[in-house]
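Asker: Pasting a structure below so you can have a look.
The values are calculated or read from the model by the stated rules, or taken from the named source; none is laboratory data. Being a predicted model, the structure only gives us computed values, none of them experimental. Positions of Cβ are backbone-derived with ideal geometry, glycine not excepted, and every protein chain shown enters the neighbour counts.
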Amino acid sequence: MVGLLDISSQRFMTKPTQLYEGKAKIVYTTDDSDLLLTYFKDDATAFNAQKRGTITGKGQINCAISRHLFQMLEAQGIPTHYVDCPSDREMRVKAVTIVPIEVIVRNLAAGSLCKQTGLALGTQIDPPLVEYCYKNDSLGDPLLTRDRLLLLNLATPEELDYIRQMSLDIDRHLSAFFQECGIILVDFKLEFGRDRQNNIILADEISPDTCRLWKQGETDPQARILDKDRFRQDLGDVESAYKQVLERVLGQAK
């Protein structure tokens, strides 16, 4: 972390204070109370952090991919917390209060959905399935119904309606973008936050850490994987897969 503080101290009048460290990122204060600085780590976790490791260069790759996807979504009218990237591992973002709900949008059956329902891997889901998990590590981020979300006062009915519709809009834009990149967007996780005006905006990141991404035209079920499932399943070539996604995203973003 010395590198981060050395770099950041040149940009801010006061030394940034660490607010939070998660599995993939560290969040710092800035001189502007409306802005935070997010540092993307190379740390990798899976199965609620039961499996841990390092993916070399992941922080830089995920920061770059998230930047381009946030910019693309902003251009499509989706409000996000993205502001800019002062360095290749750092993203300046709007300060938000995270809504403690992880939204999962599924276009094809994979992962826990197959285990819990018996659906075959790759089964088409039309219309896309929207699911909600309670962001609570001590409870293991359980899958919750809408009624349970309301019971816990995690969001208002209006906010949940807005989050659901925005998630589906994001899915539509991301699916189209990734298709042009030669990538299938299988499913992905989103997080939202309330800004200082209490508006719900997209937060966190969009990357191979938070999306299942398959290479179009690849029939080998392992070779097609371009996301963190390579780490989860010990398939190897994790760094190479992440780099492929970055190269395709950058190529399409030009």
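Asker: What's the total number of residues in region 197-219 that are buried (at least 18 other Cβ atoms within 10 Å of the Cβ) and either under 21 Å from V238 (Cα atoms) or out of contact with any strand residue (DSSP E or B) (no Cβ under 9 Å at 6 or more places or on another chain) (or both)?
Answerer: Number satisfying all stated conditions: 11.
Residues checked against (1) aliphatic (A, V, I, L, M); (2) over 18 Å from the mean Cα position of the chain (by Cα):
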{"site": "L19", "(1), (2)": "yes, yes"}
{"site": "Y28", "(1), (2)": "no, yes"}
{"site": "L35", "(1), (2)": "yes, yes"}
{"site": "D42", "(1), (2)": "no, no"}
{"site": "T45", "(1), (2)": "no, no"}
{"site": "T54", "(1), (2)": "no, no"}
{"site": "C63", "(1), (2)": "no, no"}
{"site": "F70", "(1), (2)": "no, no"}
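Asker: Based on what the data block shows, is A49 touching a Lys or Arg at 6+ places or on another chain (Cβ under 9 Å) and buried (at least 20 other Cβ atoms within 10 Å of the Cβ)?
Answerer: Considered against the rule, which asks whether it is touching a Lys or Arg at 6+ places or on another chain (Cβ under 9 Å) and buried (at least 20 other Cβ atoms within 10 Å of the Cβ), A49 comes out as no.
Asker: Does E191 satisfy being in a loop (DSSP other than H, G, I, E, B), farther than 12 Å from L69 by Cβ and not assigned by TED's automatic domain parsing to the domain that holds I55?
Answerer: no
Asker: From the list R172, R224, R230, pick out the single residue that is basic (K, R), more than 20 Å from H68 (Cα to Cα) and surrounded by fewer than 20 Cβ atoms within 10 Å (Cβ to Cβ).
Answerer: One residue alone meets the criteria, R224.
Asker: Would you be able to say whether some residue in region 99-111 is among the small types (G, A, S), more than 27 Å from T38 (Cα to Cα) and without any contact (Cβ under 8 Å) to a residue 24 or more places away in the chain?
Answerer: yes
Asker: Given the criteria at pLDDT 95 or above and within 22 Å of G111 (Cα to Cα), does D161 qualify?
Answerer: Numbers: at pLDDT 95 or above: yes; within 22 Å of G111 (Cα to Cα): no.
No: the conditions fail for D161.
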